[in-house]
1. Can you list the lysines whose alpha carbon sits under 21 Å from that of Lys78, skipping same-chain ones fewer than 8 residues off?
2. Among Leu46, Leu156, what is the fewest-to-most ranking by other Cβ atoms within 10 Å?
3. Tell me, Asp31, Asp153 in order of fewest to most beta-carbon neighbours within 10 Å?
4. Amide H of Trp47 versus every other amide H placed in the peptide plane: which residues, excluding those fewer than 5 positions away on the same chain, fall under 5 Å?
5. Using 7 Å Cα-to-Cβ label points, what is the Tyr151/Leu25 separation (nm, one decimal)?
6. Quick one: which of 15-24, 143-152 comes out on top by average Cβ neighbours within 10 Å, and what's the full order, highest first?
Amino acid sequence: YIKNVTAHIYPVSKSVSSANGTSELDIKRYDRIRTELGGRNSQVMLWDGGLFLSAAKPSATYGDRPLFAIEIELDTQKIREAISHLNTYADSGTLLFSEKTGDMIVSGATTQLQQNMIALVQQAGGTFVSQTGTYSISGSRYYTAYSRSDYLDMALYRFIPEQII
């Protein structure tokens, strides 16, 4: 499930990537990783169209910044394939949603269902479902199961056509 691992090393202004080799430190990305961590190492982050794990060593600092930050990019396609296994019914779909960034990973039987799931979540700002229930999507009724992680600030939505239930 790992696509790339990058060590961002602040004191030498370099990043070392398993996929791309050595490059100049992208200070905006380094700072974004620190911001997204919010003081919690190994926090899963869904942003910039990808899913990441990240860690920093806050006790070892260079000024007010950690000496390094490790960014582990997970393979979004593999994650999408994994959540697609939840789509056990015809015309069902699954959506992983970051409440912090608004980013999503979607898996569904049809492109139309995927677009409609995204639109429904975006329209409601990601807060439309706080419990399991039935909702209308493009004129069809779907049973929606919801699970949320406070730690990750993420939610997983499953959409199952009502007539199957």
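1. Within reach: Lys3.
2. Ascending Cβ contact count within 10 Å gives the list Leu156, Leu46.
3. Asp31, Asp153
4. Excluding prolines and chain starts, which carry no amide H, the hits are Phe52.
5. Going by the 7 Å Cα→Cβ label model, 3.0 nm.
6. Ranking the peptides 15-24, 143-152 by packing returns 143-152, 15-24.
Values in this text are rule-based calculations from the coordinates and carry no lab data. What you see is a predicted model; the values in this text were computed from it and never measured. All Cβ positions, glycine included, derive from the backbone under ideal geometry; neighbour counts span all protein chains shown.
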